[in-house]
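Before any comments, here is the structure.
The values are calculated or read from the model by the stated rules, or taken from the named source; none is laboratory data. Computed from a predicted model, the values in this text were never measured in an experiment. Cβ placement follows ideal geometry from the backbone for every residue including glycine, while neighbour counts extend to all protein chains displayed. Please note that ligands, DNA and RNA were not included when accessible areas were found on the heavy atoms of the full protein model with its side chains. Shrake-Rupley method; radii C 1.70, N 1.55, O 1.52, S 1.80 Å.
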Amino acid sequence: GDVPELLKSMDGFVYSTDHDTFGIAVVEAMAVGLPVVVNDYAVMKEVCGDMVTYYKSKDVGDCADAIEKLLAELPERKETAKKNVEVVRNKYSIGGMLIPSCTTINCNHSGIKSGFIIKSKNVGVTKYVRNEITNLANRK
């Protein structure tokens, strides 16, 4: 869709929510090579690592300072953000998260036998996917 094209037309992306969420919009912005400013919630640090600029959560002045710094260093920030694109796409793509070889799950749902092989770079993802598949398989 339209979201990647819209994002590509921007100079940067600021995620200033005060809610602790995964931040799919942040991943989308990083995936198109935008410099990003986000709050310093633990989930954002887990999702973004060292690929973004952080501001102190709920501190409007610190957020404004981070945006001002991004604008002052925009050419360098854009170059760095472009280098992070492949990292983000590998980390958050289906191919990057689910790679055949690790956990095998066999299901029999409505008489249809299925098998799944899951390998995730993140143990939590593997457990989540395994549980979701198992729950789906156990539904009648």
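Counting only residues 5 or more places away or on other chains, whose amide H sits under 5 Å from the amide H of TYR55 once H atoms are built in the peptide plane?
VAL38, ASN39, ASP40
What FRET efficiency would be calculated for the residue pair ASP40, THR80, taking the C-beta separation as r and a Förster radius of 30 Å, to the nearest 0.05? Intermediate results must be reported in sequence, preceding the final value.
Values: r = 19 Å, r/R0 = 0.63.
About 0.95, to the nearest 0.05.
Kindly flag which residue pairs out of LYS45/LYS82; LYS58/LYS82; LYS8/LYS83; LYS8/LYS82 have an alpha-carbon separation exceeding 21 Å in this structure.
Numbers: LYS45/LYS82 19 Å; LYS58/LYS82 28 Å; LYS8/LYS83 15 Å; LYS8/LYS82 11 Å.
Correct reply: LYS58/LYS82.
Order the following by accessible area, largest value first: PHE22, PHE13. Probe radius 1.4 Å; ligands, DNA and RNA are ignored.
Of PHE22, PHE13, the descending order of accessible area is PHE22, PHE13.
Can you give me the long-range amide H partners of VAL14? Hydrogens built in the peptide plane at 1.01 Å from N, cutoff under 5 Å, separation of 5 or more residues or another chain.
Residues meeting the criterion, in which the H sits 1.01 Å from N, are VAL37.
Karplus couplings for the range 44-58 from phi (6.51 cos²θ - 1.76 cosθ + 1.60, θ = phi - 60°), rounded to Hz, Gly and Pro as x?
Values, residue by residue: 5, 5, 5, 6, 9, x, 9, 8, 9, 9, 9, 10, 5, 3, 6 Hz.
Could you go through the range 4-11 in sequence order and give the Karplus-derived ³J(HN,Hα) for each residue, using 6.51 cos²θ - 1.76 cosθ + 1.60 with θ = phi - 60°, rounded to whole Hz, and x for Gly and Pro?
x, 5, 4, 4, 4, 7, 9, 8
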